[in-house]
Amino acid sequence: MMKDYMAIINLEENENDIRSLTVNRPIASIPIGSRYRVIDFMLSNLVNSGIKNVGIFSGTNSRSLMDHVGTGKAWDLNRKIDGLFLFNHGLCDFVNHDSKLLKNNMEYIYRSSSENVILASSYMVCNMDLAKVVDAHEESGADMTVVYTETARADTEFLNCYTLDVDKETGRLNGVGKNIGFHPHANVCMEIFVMTKEKLVELIHAGAHNINAGSFSNVIFNETGNLYINTYKYEGFVFCINTVSSYYRSNMRMLSSDVSDALFRSERPIYTKIKDEPPTIYVKGCSVSNSLIADGCVIEGTVRNSVIGRYVNVEKDAVVEDCIILQNIRVHKGAHLSHVIIDKNVDIDEHTELKGSETFPLVIEKTSMFK
Amino acid sequence: MVKKNIVAMILAGGQGSRLGLLTRNMAKPAVPFGGKYRIIDFALSNCSNSGIDTVGILTQYKPQMLNSHIGIGAPWDLDRVHGGAAMLPPYMSEAGGDWYKGTANAVYQNLNYLESCNPEYVLILSGDHIYKMDYRKMLERHIDADADATIAVIDVPIEEASRFGIMSTDENDVITAFEEKPKEPKGTLASMGIYIFTYSKLKKYLIDDAADSESVNDFGKNIIPSMIANGETLVAYRFSGYWKDVGTIQSYWEAHMDLLNPDNEISLFSNDWKIYTDTAAIPSQYIGPDAHIENSIVTEGCVIHGELVDSVVFPGVYIGKNTRIERSIIMENTAVEDNVIISKSILLENVHVRSHNAIGNGTDIAVIDTGLTVESQARMG
């Protein structure tokens, strides 16, 4: 039963190919889908599956994440009994630090009354019923279950993710590789693991003491030969947010109703921080089509095939097409943007023309409101 | 209990019977307004934006929606260790129990609540009004004038003055006379139903008023006139800006059309005085490939495929293809299928309009009741 489970979200995630969006934040708090942050999906998945105890283990650059998650209220995790726990890296360790961070906070893991753990990451955006994963895990009798998705787009998506060699008959994990983009077909690891707390503690000790172990997922996969690791194939939509182009494509796919219905309008809602914006106003003369638009916007110009965040003003005669516009942005008169990702708090001057492409969307980095 | 400087009491028990179907299931302050709010959000948000952290909400008529909307007051930051939001319905005691008979009686019956807060000043508000006001400025005026009561006033056109409580003042805005809904108004300074009392005075007058069997226990009709008669210092606090009591379906509809006016004074969309509300976790609005929207307000969870002109749309509304909606208000989770024309109408929550329909004749306001399914070709209104 889910009450025997706690969850740990390990935010040691590879940012190498998405640096322009992680200057001030981890992947977990990148805005996505007009009004969400990446971590909203996994947090909501956990809560919707009945998990009451979630620990988030994050790196140093976590101001934006802490601000977003707060006390966990939006996910109903501001609890007296269990609830949300946040753990930050110190600056001291650079080698296998996620294992060490977990080890340093062993007290949290021991104190939880749950016997079992769901270990997850944030960058695999999906709307998943984790109770089904847990059921499958318990039925299998395996030491551990790992969730994967089968894809035919591994040559462009899921780059550098772990790939799983799954035994066709038993579903048992035979081996682990990396997706280097050679083949379109792959079983991609979603870095969601189910195991006993005891097993987790064992692995944490092993990882923290092995200087060559690397990330904690590596620590787990090093044990492939020694453990019975079962696999669970997830059939829904998965968006892997680890490169700028996959981030761009993921947002764009959220414009189609099959994706947005499955992701946002399922019986398992995705929760996020409430910002109390007013509704959006569409001024006479505006033209909007095929776009996802958050509240608090004023649209006077043209918006096509775009994902628009909260508090965005598109002024008269401005055109925004195939763009992702994050929060608090003013696109001044006559500006023309196409295939551009604009991070928070940016002013686009009058008559500016910016053009990226579908494969190489242009990223305008976040500006600080306080220099 | 920590002593409070000022406590607000919001009168939220009114039925608003002239709002017809809108208030059949809820009190007037709970009526949805402005795309994602309820009317009482304005008074509550004014309180939190004015730094008032203790707010009593006096409920009576059909309070369920208000109870679930306000909860512990978290959306307005009123979930506090000391003070916060308190729902105050009529209650029984050893001596029996009574419904709230008038505005003053409602507060009188909750003197025990005020005693527990032990405030210096009490702010009396109506939960029925749409406006943005900084009560701190009014309190400053009250303290500077060393007043016993301060009444917020607004200049109204002389022809409308007989609908209001009209004040006569001297050159220092000290109130010399007060007439509730006068047939022949002597001035145009109308009471907004917003009062600040020095608590010790308010308590005395409420107790005296309760003992007076002739009284109808109303602030405008009894408390204020008797304070003036006794020579207490009452001053006017002049307010200018948008203020509306949406008392009828017509004025409710007009207030929404006001919102759509780009020069509207309420400036719902300015960020410096936010209006807070209880918000659900729903996705952003999706505007379809063939949609056309002009001069309209749309909010979270909506899916718009058709045409929307001069309209206000609440969360989770679906508008189908080839459907045209003009000068209308569409409330939460209402769905309008393809090929429908809706004109000058108010569709309440969870209405389902099937395809090939026409609602509203464009002159009178058509109101479609909560949860109704309008079958195809059932021309209404």
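Compute from the Cα atoms of the protein assembly as shown the Rg and the Dmax, the latter being the longest Cα-Cα distance, and quote both in angstrom.
When restricted to the Cα atoms of the protein assembly as shown, Rg and Dmax are 29.6, 95 Å.
Can you list the HN-Hα couplings for the range A:299-304, worked out from phi with the Karplus curve (6.51, -1.76, 1.60; θ = phi - 60°), rounded to whole Hz and with x for Gly and Pro?
10, 10, x, 10, 10, 10
On a C-alpha basis, how far is the centre of the range A:114-135 from the centre of the range B:39-81 in Å? Whole number, if you could?
So the separation of the two Cα centres works out to 37 Å.
Give a residue-ordered list of calculated ³J(HN,Hα) values for the range A:121-134 (Karplus: 6.51 cos²θ - 1.76 cosθ + 1.60, θ = phi - 60°; whole Hz; x for Gly, Pro).
10, 10, 6, 8, 7, 6, 10, 10, 8, 6, 4, 5, 5, 5
Per residue of A:253-262, how many C-beta atoms from partner chains lie within 10 Å of its own C-beta, taken as a mean?
Across the residues of A:253-262, the mean count of other-chain Cβ atoms within 10 Å is 2.
Defining a contact as two alpha carbons under 8 Å apart and six or more residues distant in sequence, what relative contact order in percent does chain A show?
Once normalised by length, the contact order is 15 percent.
Note down the magnitude of the dipole of the protein assembly as shown about its Cα centre, charges +1 on Lys and Arg C-beta and -1 on Asp and Glu C-beta and zero elsewhere, to the nearest 20 debye.
Approximately 440 debye in magnitude.
Quick one: accessible area per residue over the range B:229-335, 1.4 Å probe, rounded to a whole number of Å²?
35
Any idea what angle helix B:135-144 forms with the longest principal axis of chain B, computed on alpha-carbon atoms, 0 to 90 degrees, nearest 10?
The answer is roughly 20 degrees.
Which cross-chain or sequence-distant (5 or more) residues have an amide H under 5 Å from the amide H of B:Val367, H modelled 1.01 Å from N in plane?
Excluding prolines and chain starts, which carry no amide H, the hits are B:Ile346.
Give me, ordered by chain and number, the residues 5 or more places off B:Lys181 or on other chains with an amide H under 5 Å from its own placed amide H.
Placed amide hydrogens put B:Phe164, B:Gly165, B:Ile166 under 5 Å from B:Lys181.
Along the positive direction of the dipole of the protein assembly as shown (beta-carbon charges: Lys, Arg +1; Asp, Glu -1; about the Cα centre), which of B:Gly35, A:Asn290, A:Ile9 reaches farthest?
A:Ile9
List the pairs from B:Lys183/B:Lys204; A:Lys275/A:Lys344; A:Lys355/B:Lys321 whose alpha-carbon separation is above 20 Å, in the order I gave them.
Check vs 20 Å cut-off fails for B:Lys183/B:Lys204; A:Lys355/B:Lys321.
Suppose we keep just the DSSP beta bridges with both residues in the protein assembly as shown; what percent of those would be antiparallel, to 5?
Around 35 percent of the beta bridges assigned by DSSP in the protein assembly as shown are antiparallel ones.
Charges at C-beta only: +1 for Lys and Arg, -1 for Asp and Glu. How large is the resulting dipole of chain A about its Cα centre, in Debye rounded to 20?
880
Please turn the phi angles of the range A:187-201 into ³J(HN,Hα) values with the Karplus equation 6.51 cos²θ - 1.76 cosθ + 1.60 (θ = phi - 60°), one per residue in order, whole Hz, x for glycine and proline.
With the stated coefficients, the range A:187-201 comes to 9, 9, 6, 8, 6, 10, 10, 10, 7, 7, 4, 4, 5, 4, 4 Hz.
Between the range A:62-92 and the range B:297-368, how many Å separate their Cα centres?
Rounded to whole Å, the Cα centres lie 41 Å apart.
What FRET efficiency comes out for the pair B:Asp338/B:Asp77, r = Cβ-Cβ distance, R0 = 45 Å, nearest 0.05?
Efficiency computed from Cβ-Cβ geometry: 0.55.
Return the average number of partner chain Cβ atoms within 10 angstrom of each residue Cβ along peptide B:295-306.
Mean partner-chain Cβ count within 10 Å for B:295-306: 5.
For B:Phe269 and A:Glu350, what is the calculated FRET efficiency with R₀ set at 22 Å and r taken between the beta-carbons, to the nearest 0.05?
0.50
Report which residues of the range A:25-54 become buried by 20 Å² or more of accessible surface when going from the isolated chain to the complete set of protein chains (1.4 Å probe; DNA, RNA and ligands ignored).
For the range A:25-54, once contacts with the other chains are taken into account, A:Arg35, A:Tyr36 lose 20 Å² or more.
Taking every DSSP beta bridge that has both residues in the range B:1-113, what percent is antiparallel when rounded to the nearest 5?
30
Over the range A:2-263, what percent of the accessible surface lies on carbon and sulfur atoms, probe 1.4 Å?
The computed percentage sits at 47.
Averaged over A:295-304, how many beta carbons belonging to a partner chain fall within 10 Å of each residue's beta carbon?
If you average over the peptide's residues, the count of other-chain Cβ atoms is 3.
If you project the alpha carbons of the range A:2-263 onto the principal axes, what extent comes out on each, in Å, largest first?
In descending order, the Cα extents are 45, 44, 35 Å.
Give the accessible surface of the range A:2-263 per residue, rounded to a whole number of Å², with probe radius 1.4 Å and ligands, DNA and RNA excluded.
Solvent-accessible surface per residue comes out at 40 Å².
For chain B, give the share of DSSP beta bridges that are antiparallel, in percent and rounded to the nearest 5; count only bridges with both residues there.
Within chain B, antiparallel bridges account for around 35 percent of the total.
What ranking do A:294-305, A:250-261, A:327-338 get when scored by the average of other Cβ atoms within 10 Å per residue, highest first?
Final packing ranking: A:294-305, A:327-338, A:250-261.
Going by the alpha-carbon gyration tensor, a ≥ b ≥ c the square roots of its eigenvalues, is the range A:281-370 rounded (a/c under 1.5) or, if a/c is not under 1.5, prolate (a/b greater than b/c) versus oblate?
Rounded, since a/c falls under 1.5.
Name the residues whose placed amide hydrogens come within less than 5 Å of the amide hydrogen of B:Phe33, ignoring near sequence neighbours (fewer than 5 apart) on the same chain.
B:Arg38, B:Ile39
Classify chain B as rounded, prolate or oblate, taking a ≥ b ≥ c as the square roots of the eigenvalues of its Cα gyration tensor: rounded when a/c is under 1.5, otherwise prolate if a/b is larger than b/c and oblate if not.
Here chain B falls in the prolate category.
Compute the helix-to-body angle for B:199-211: its Cα long axis versus the longest principal axis of chain B, expressed 0 to 90° and rounded to tens.
Relative to chain B, helix B:199-211 is tipped by roughly 90 degrees.
Output the peptides A:197-205, B:20-28 sorted from most to least packed, where packing is the average of other Cβ atoms within 10 Å over each peptide's residues.
B:20-28, A:197-205
Which percent of the Cα-Cα distances in the range A:1-131 go past 21 Å?
Every Cα pair in the range A:1-131 considered, those over 21 Å come to 38 percent.
Counting protein heavy atoms only and a 1.4 angstrom probe, how many square angstrom of accessible surface do chains A and B bury in total, to the nearest 100?
The contact between B and A buries close to 2700 Å².
In whole angstrom, note down how far apart the Cα centers of the range A:270-324 and the range A:22-40 are.
18
Are there any chymotrypsin sites (Phe, Trp or Tyr not before Pro) in the range B:89-132 that are in a DSSP loop and have at most 16 other Cβ atoms within 10 Å? List them by number.
Hits after loop and neighbour filter: B:Tyr91, B:Trp99.
The values are calculated or read from the model by the stated rules, or taken from the named source; none is laboratory data. Keep in mind it's a predicted model, so treat the numbers as computed, not measured. For neighbour counting, all protein chains shown are included, and Cβ atoms are generated from backbone atoms with ideal geometry for every residue, glycine included. Heavy atoms of the whole protein, side chains included, go into the accessibility calculation; ligands, DNA and RNA do not. Shrake-Rupley method; radii C 1.70, N 1.55, O 1.52, S 1.80 Å.
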